[in-house]
1. Being assigned by TED's automatic domain parsing to the domain that holds PRO152 and modelled with pLDDT of 80 or more: is that true of ILE109 here?
2. Sort out which residues of the range 162-214 are touching a residue at least 24 places away in the same chain (Cβ under 8 Å) and among the hydroxyl-bearing types (Ser, Thr, Tyr), and write them in order of number.
3. Given the structure, is VAL185 aliphatic (A, V, I, L, M) and closer than 14 Å to ILE123 by Cα?
4. Please find, within the range 133-179, the residue that is surrounded by the fewest Cβ atoms within 10 Å (Cβ to Cβ) out of those that are at pLDDT 90 or above and over 21 Å from TYR90 (Cα atoms).
5. Quick one: count up the residues across the range 158-214 that are in a loop (DSSP other than H, G, I, E, B) and of a type outside the set (A, V, I, L, M, F, W, C).
6. Here are some residues: GLY184, GLY134. Which one is in the same structural domain as HIS67 (by TED's automatic domain parsing) and closer than 18 Å to ILE58 by Cα?
Amino acid sequence: MQCLRISLSDRSKSFLFSFFKATHQQTMEVLMSRIIVIVSILFLTLQGVHAQDQTKRIEGFLALSGHTILNEMEPSPPGTAGYIGAQLIYNLTATQAIGVRYGAAAYEITSSLGSTETYMGDIFATYRYSWRAGKPTRIYIEAGLGASDPIPLYDTGTKFAFTAALGVKRFIGERFSLGLESRGVSFTQKESLLSTQNVTAAINEFSLVLGYLF
């Protein structure tokens, strides 16, 4: 009886050990398989995706350019000035983004009273659409509505304005980009301070644009 009891005890321990071992092994197999699946999904999802390809990101841009007034007025307004602009855009998708842009141009105007420096500022809410998503070089178009200062010495106040741009940028590494952009700004203002006739002012900016992705 004692031998039988020992035999049954050993057999039960062996059974429990083998059951625990099998259960533990199955658990580890399931766990490892799930880990492999998760890692595979992440690998396939993120493979080749750099910082510039991830949406819901903010980009900051600094534009340096000439600011050229295209319309004809008498006497002719100053033609070209240095321009600096800053822009923040929020990437909604890989191809679409919204943003806010602010820029200013400094003019030196000479009159009978002497020389004076004056500034033209503008601010816009913008929408941007890009092509070649996932590529280092992107092409984009942009449109925006906002406000602009009128041409100095010809009108005062703030004018409702429209802007449109065509540009190309190339990412340098994960976060920096360098691009060229042609932008137009249009608004209506008085022909002169003494006139009541309105004319359309057209401004062109050809910019070197430096960008950074946050």
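1. no
2. Listed by number, the residues that qualify are THR163, SER177, SER182, SER186, THR188, SER192, THR200, SER207, TYR212.
3. In short, yes.
4. It comes out as PHE160.
5. Matching residues across the range 158-214 total 9.
6. GLY134
The values are calculated or read from the model by the stated rules, or taken from the named source; none is laboratory data. All of these numbers come straight from a predicted model, not from anything done at the bench. Backbone-built Cβ (ideal geometry, glycine too); neighbour counts: all protein chains shown.
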